[in-house]
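Undergrad: Here it is: the structure, laid out below.
The values are calculated or read from the model by the stated rules, or taken from the named source; none is laboratory data. As the structure is a computational prediction, the values presented were derived from the model and not from experiment. In this analysis, Cβ positions are derived from the backbone assuming ideal geometry, glycine residues included, and neighbour counts consider all displayed protein chains.
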Amino acid sequence: MYNNAMGTRQKNIVTSFNKLSAFDFYDLAHMKPTQMLVGMREVEEKQSRLRKAMKSPDDLKKYLKARPILVVMGPDDEAYIVDHHHLALALQREGFTEAPIEVLGDYSKLDHDAFQKKMLEKHYFYPYDEKENTT
């Protein structure tokens with residue numbers, strides 16, 4: 001759940017959160033974004049909040065419990081992020097390797113074409129670049 005460089009204090013915080021959490025945890029490296037861009041100012045703001053929350057296991061638990069990464073399961077059992085993209089990136093940048101998730105739907109039995117159609121139908125994909133052009 002954490003990068004070895006985080007240190008013992010942060011390891012204990014993360015371990016405490018894991019024991020107290022009712023959420024499933026999922027490997028951040030295997031989560032796929034459904035929007036093409038994120039604002040880095042917001043990511044940095046989330047990182048700052050995470051650093052403050054990491055000072056106490058209870059604060060970290062409260063912070064993350066209120067913000068699980070919302071995902072849908074897709075083909076090949078991949079988790080597709082549908083909300084909290086900024087937080088997912090902030091967690092990665094702070095050295096976390098896993099994050100609490102809430103699964104909104106399981107479309108893992110669909111083939112890739114049917115999955116993309118379902119995701120567009122549900123408005124879970126945001127296929128636009130910074131100029132609002134479809135990618």
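Undergrad: Would you call D111 surrounded by 15 or more Cβ atoms within 10 Å (Cβ to Cβ), modelled with pLDDT of 90 or more and among the acidic types (D, E)?
TA: For D111, the condition - surrounded by 15 or more Cβ atoms within 10 Å (Cβ to Cβ), modelled with pLDDT of 90 or more and among the acidic types (D, E) - is not met.
Undergrad: Give P75, P100 a once-over and let me know the one that is buried (at least 17 other Cβ atoms within 10 Å of the Cβ) and either more than 23 Å from V43 (Cα to Cα) or touching a residue at least 24 places away in the same chain (Cβ under 8 Å) (or both).
TA: The unique qualifying residue is P100.
Undergrad: How many residues, within segment 38-53, are at pLDDT below 90 and of a type outside the set (G, A, S)?
TA: Result for segment 38-53: 1.
Undergrad: Also, I was wondering about something else. If I ask for residues that are out of contact with any Pro (no Cβ under 8 Å at 6 or more places or on another chain), under 22 Å from F125 (Cβ atoms) and part of a helix (DSSP H, G or I), which ones from segment 55-90 would you list?
TA: Passing the criteria: P75, D76, D77, H86, L87, L89, A90.
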